[in-house]
Amino acid sequence: EEKQSELAARAAEVLSALLDKQLEAACRRAERVHGATLAAKEAQALELSDRIPKAEAAAASAYQAIAKESVPKLLRTQLAPALAAGELALRQRLARLDAQARKAAADEILVDAKDRLTERIQPKAVAVLKQTPVDLWARLAKGRASALLNATRELKADLEALRVEGAPLEAAVRELDVASRNAIVSAARGEALHVQEKMRRKFESLFKFDEHNLPRVWQRSDDVNAECQAAQDAATKVLDLLAEAPADGRHPAVMLVDEATRVGLLQNLILEARTQYLGAKQAQDALVARPKAPVWMMAVLGLVVAREVLNWMPSFLVPSFAVQALSVVAFGVVALVLLAKAVGPRMVLGAIGLVSPGAARHAERVLQMAGVAPAAQAEAAPAVPLRRPGPTATSASKVVARRGAKAGAAAKDIPPPSGMDFTD
């Protein structure tokens, strides 16, 4: 009996080293079964949280099958500590494999979330960037915040199902935030490559086309300078918007167009604006004002037409002297206007006033209607000639005195003129 105990102890000592190798092989076998179970096609339809327990059960079963065959029944009591150590090592290995599987799944979920968020943000961002509104970056920030909020909510739900909590979860949320910002910056970089074309279109849309998007027809009343400056300012604003992505929260500003490129773009804009401006000025200068017949000409034409009509009428209806009177009036008006245009209204009115002040006043009204004598001048200049002593005014004074005597005392009260001076 003593010899039997001694032999059993020696056998246990010898078999312990062999058992460690057998258990190591069992653990490796369990790890392979664990990985195969997780990657099985029939298990892909299940969630990872459901696949892990099945993989652990399959790995434990494979380990126990090898461990039982490795230990004789007579020595199980002596080898119990080795078996316990092997089971502990197996649990640690399986826990490490589970953590790796969860991390791989979390990384895959995070990558998928980034891709989906980018797909949500970029098309809308590109649409806004193509329009280039004044509040461009405010709109982009608002859209990014809305998309990021929904994506973060979905990501947290998926990661919490994998038991990802604490710092790893916060790190994943930060990565998603960075991905949303990168999506905006990437879209802006793509549009910044075409900023010169955008500036040209913006300038032409305001300068070459009207509010109905039709080619502008320049009129004499249009202020070409103001229109060109406004269009140039709007095109420069497009460059300012796409030159830099401003800071957004924790994200710093990003330069999209360097300074050298910016200077070149502004110079090209100035050249383009100068060309368009010169073309618009030439088109405006080429406009010919439509001539308008003056009122006096229309009146004379009416008198001539009336005279011709009266000539065709029987003499017993319209006396001949009426026709001759109309002819005289028409000829007189034409002669008066032409003479006033040739020598000046002041000279003509002064000469008429030497003969008849009343006729001078009527002639002055005719010239006002014809647009030859201004109203202010007519009001300031009475129709009486300036009486000035001297040899050149003697005959005029006699004529005025004779007509004043015939007209009565009213002629003596005529005020002296203030606007007619024949000494010029």
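The values are calculated or read from the model by the stated rules, or taken from the named source; none is laboratory data. In this text, all values refer to a predicted model and were calculated from it rather than measured experimentally. Cβ: placed from backbone, ideal geometry, glycine included. Neighbour counts: every protein chain shown. What goes into the accessible areas is simple: the full protein's heavy atoms, side chains included, and nothing from ligands, DNA or RNA. Shrake-Rupley method; radii C 1.70, N 1.55, O 1.52, S 1.80 Å.
In segment 223-254, whose amide N lies under 19 Å from the spot 7 Å out along Cα-to-Cβ of Asn182? List them in ranges. Backbone N within reach: 245-254.
Each residue of segment 145-160 was assigned a 3J(HN,Hα) from its phi angle through the Karplus expression (A = 6.51, B = -1.76, C = 1.60, θ = phi - 60°), giving 4, 5, 5, 5, 4, 5, 5, 5, 4, 5, 5, 4, 5, 5, 6, 5 Hz with x at Gly and Pro.
Expected output is a single nm value to one decimal: the length gained when fully extending between Val111 and Glu204, i.e. 0.36 nm times separation in residues minus the C-alpha distance. What is it? Before the final figure, lay out each step's value.
On the way: separation 93, 0.36 × 93 = 33.48 nm, distance 4.36 nm.
Computed gain between Val111 and Glu204 is 29.1 nm.
With both labels modelled 7 Å from their Cα along Cα-to-Cβ, the Lys281 to Met255 distance reads 3.7 nm.
Heavy-atom accessible area for Lys68, with the other protein chains in place and a 1.4 Å probe, reaches approximately 130 Å². Distance between the pseudo-spin-label points of Arg32 and Lys54 (7 Å out from Cα toward the beta carbon): 2.1 nm. Karplus-based coupling profile of segment 185-197, in residue order and whole Hz: 5, 5, 5, 5, 4, x, 6, 5, 5, 10, 5, 5, 5, with θ = phi - 60° in 6.51 cos²θ - 1.76 cosθ + 1.60 and x standing for Gly or Pro.
What is the extension gain from Ser5 to Lys68, computed as 0.36 nm multiplied by their sequence separation minus the C-alpha to C-alpha distance, in nm to one decimal? Present the calculation step by step, with values, prior to reporting the outcome.
Values: separation 63, 0.36 × 63 = 22.68 nm, distance 2.29 nm.
Gain in length upon complete extension: 20.4 nm.
Taking amide H as placed 1.01 Å from N in the peptide plane, the amide H of Val254 sits under 5 Å from that of Ala245, each at least 5 places away or on another chain.
Given the Cα-Cα distance of Glu244 and Lys103 and 0.36 nm per residue of separation, how much length would full extension add, in nm?
Working: separation 141, 0.36 × 141 = 50.76 nm, distance 3.72 nm.
In short, 47.0 nm is gained.
Which shape class, rounded, prolate or oblate, goes with segment 227-281 when its Cα gyration tensor gives a ≥ b ≥ c as root eigenvalues, a/c under 1.5 marks rounded, and past that a/b bigger than b/c marks prolate? Oblate shape, in that a/c is at least 1.5 and b/c is the bigger or equal ratio.
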